[in-house]
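Remarks on the structure that follows.
The values are calculated or read from the model by the stated rules, or taken from the named source; none is laboratory data. These figures come from a predicted structure and were not determined experimentally. Note that we place each Cβ from the backbone using ideal geometry, even for glycine, and neighbour counts take in every protein chain shown.
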Amino acid sequence: MTDPARPDVAELERVELEQTLEALGARRFHARQLFRWVYRKGVVEFDRMTDLGRTLRATLAEQVRVSTPEVVAKDVSTDGTTKFALALGDGRRIEAVYIPDLPRQTFCISTQVGCAMKCAFCLTGKMGLARNLTAGEIAGQVRVLARELDLLELPFNIVLMGMGEPLHNYDATMKALRILADEHGLAVSPRRVTLSTVGVLPALERLATEPLMPNLAISLHATTEDMRERLVPVNRKYGLKELVDACRKFPLKRRSRITFEYVLLDGVNDTDDDARRLVKLLAGVKAKVNLLPLNEAAGIPFGRPSDARVDRFAQILTDHHLTVMVRKSRGRDIRAACGQLIVEGPEKSPAQRLAGLMNGN
Ligand code: SF4
């Protein structure tokens, strides 16, 4: 077993890796080679890194390690969406999802084990927060999925919409994005990354000052303070009006817009009045709206509106010149859809897991 006290290459940005190598008596430029092996080629065994000298490979094998989430289960949906259960070094499990939309495929990754935000329509929220992921565990999901799916050489998008609230684990999330953006690694441009948040305002203000800025998606889900407090409890701390005001001021590049996600719950937040209030609320914000008819699941006390209701809601928004997307749900048969990520315990057998998936719980 690898010694957990050794520096973990997966947790290091390239400049930190250069310092680590220097401390081991190696040259700094080897960091570039290591990044290429680990991120571009998906190789983590030092003895396979053939452009490193034999002595350096032996030193690395003795002195450092590369932690990598382990794929413990993989469920492929009829639409090609693939949900990966990944085991971390401490045995905890997270989920990451591959969505095979063309031309750009997308990885939906997690930032925490569970989530503290307790949104009323979300299975992950029901788990509570077990712990934050490290930067290496966040970036590691991308590395593992790209390797498993043979996409290391191809462009892909990343959405931080898996388990957890990214702005509740700010430092690790931003460090992971810097690691993923490294030109000697996967070189994922921040333009290809979308960070989705319920709106942790102090962290949102910090995000506004980041040199490496991902696209922003806000999980809005309601048009009144009361309803949002019911659906997204963090609204008690950071209210709807304050949140939308912060979005109005958020620095955006030319032509870019903030995506507002709105889960449609039958008879709860899907009325014509809600749609009209949403139009008013977003006045003056460079916004587009992503409507998400609920993915029903056992344990979630809401229903999915009819298609006619969804269409009517969308129509009111487009009549008022808002750009609207109605998200088709991906991977519902394997419970990989938004708000449905929850890890089954390692104690479950494959047969039990399958039964759980078929029952939708
Ligand atoms: S919707 Fe997102 S922020 Fe809310 S509980 Fe679920 S994972 Fe957490």
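Taking region 129-148 as the range and being assigned to a loop (DSSP other than H, G, I, E, B) and either modelled with pLDDT under 95 or β-branched (Val, Ile, Thr) (or both) as the test, only THR134 passes.
Just a yes or no: is a residue in region 103-119 out of contact with any His (no Cβ under 8 Å at 6 or more places or on another chain) and free of Cβ contacts under 8 Å to residues at least 24 places away in the same chain? Yes, the conditions are met somewhere in region 103-119. The criterion of being within 16 Å of the ligand (Cβ to nearest atom), surrounded by fewer than 17 Cβ atoms within 10 Å (Cβ to Cβ) and either hydroxyl-bearing (Ser, Thr, Tyr) or modelled with pLDDT of 95 or more (or both) holds for LYS237. Within region 30-45, being in contact with a helix residue (DSSP H, G or I) (Cβ under 8 Å, 6 or more places away or on another chain) and more than 19 Å from PRO69 (Cβ to Cβ) holds for HIS30, ALA31, ARG32.
Annotation note: of LEU17, LEU21, LEU102, LEU86, the sole residue that is in the same structural domain as GLY125 (by TED's automatic domain parsing), in contact with a helix residue (DSSP H, G or I) (Cβ under 8 Å, 6 or more places away or on another chain) and among the hydrophobic types (A, V, I, L, M, F, W, C) is LEU86.
Restricting the search to helices (runs of 4 or more DSSP H) fully inside region 1-70 and requiring at least 3 residues that are small (Gly, Ala, Ser) gives an empty result. Annotation for region 42-61: no member residue is crowded, with 16+ Cβ neighbours inside 10 Å and under 17 Å from the mean Cα position of the chain (by Cα).
Does LEU180 meet the test of being part of a helix (DSSP H, G or I), among the hydrophobic types (A, V, I, L, M, F, W, C) and over 25 Å from LEU17 (Cα atoms)? Lay out the reasoning, then the answer.
On the way: part of a helix (DSSP H, G or I): yes; among the hydrophobic types (A, V, I, L, M, F, W, C): yes; over 25 Å from LEU17 (Cα atoms): no.
For LEU180, the condition - part of a helix (DSSP H, G or I), among the hydrophobic types (A, V, I, L, M, F, W, C) and over 25 Å from LEU17 (Cα atoms) - is not met.
Among the residues of region 48-60, is there at least one that is of a type in the set (A, V, I, L, M, F, W, C) and touching a residue at least 60 places away in the same chain (Cβ under 8 Å)? Checked region 48-60: no residue is of a type in the set (A, V, I, L, M, F, W, C) and touching a residue at least 60 places away in the same chain (Cβ under 8 Å).
Just one of the listed residues (SER67, SER77) is of a type outside the set (Phe, Trp, Tyr) and more than 21 Å from LEU186 (Cα to Cα), and it is SER77.
Of all the residues in region 208-224, those that are more than 15 Å from THR271 (Cβ to Cβ) and either β-branched (Val, Ile, Thr) or part of a loop (DSSP other than H, G, I, E, B) (or both) number 9. Look at GLU229 and say whether it is assigned to a helix (DSSP H, G or I) and under 20 Å from ASP270 (Cβ atoms). For GLU229, the condition - assigned to a helix (DSSP H, G or I) and under 20 Å from ASP270 (Cβ atoms) - is met. If you check CYS119, CYS108, CYS115 for being modelled with pLDDT of 95 or more, over 14 Å from the mean Cα position of the chain (by Cα) and within 16 Å of the ligand (Cβ to nearest atom), only one passes: CYS119. Of all residues in region 216-231, those that are within 24 Å of ILE158 (Cβ to Cβ) and either within 13 Å of the ligand (Cβ to nearest atom) or surrounded by fewer than 20 Cβ atoms within 10 Å (Cβ to Cβ) (or both) total 5.
On the given criteria, is THR124 free of Cβ contacts under 8 Å to residues at least 40 places away in the same chain and either closer than 30 Å to ASN269 by Cα or more than 16 Å from the ligand (Cβ to nearest atom) (or both)?
So THR124 fails the test.
Each residue in region 173-201 was checked for being on the phi < 0 side of the Ramachandran plot, within 16 Å of the ligand (Cβ to nearest atom) and of a type outside the set (Ser, Thr, Tyr), and 4 pass. The residues of region 255-276 that are under 10 Å from LYS286 (Cβ atoms) and assigned to a loop (DSSP other than H, G, I, E, B), listed by number, are ARG255, SER256, ARG257. MET174 meets each of the listed conditions (1) at pLDDT below 95; (2) part of a helix (DSSP H, G or I) apart from (1).
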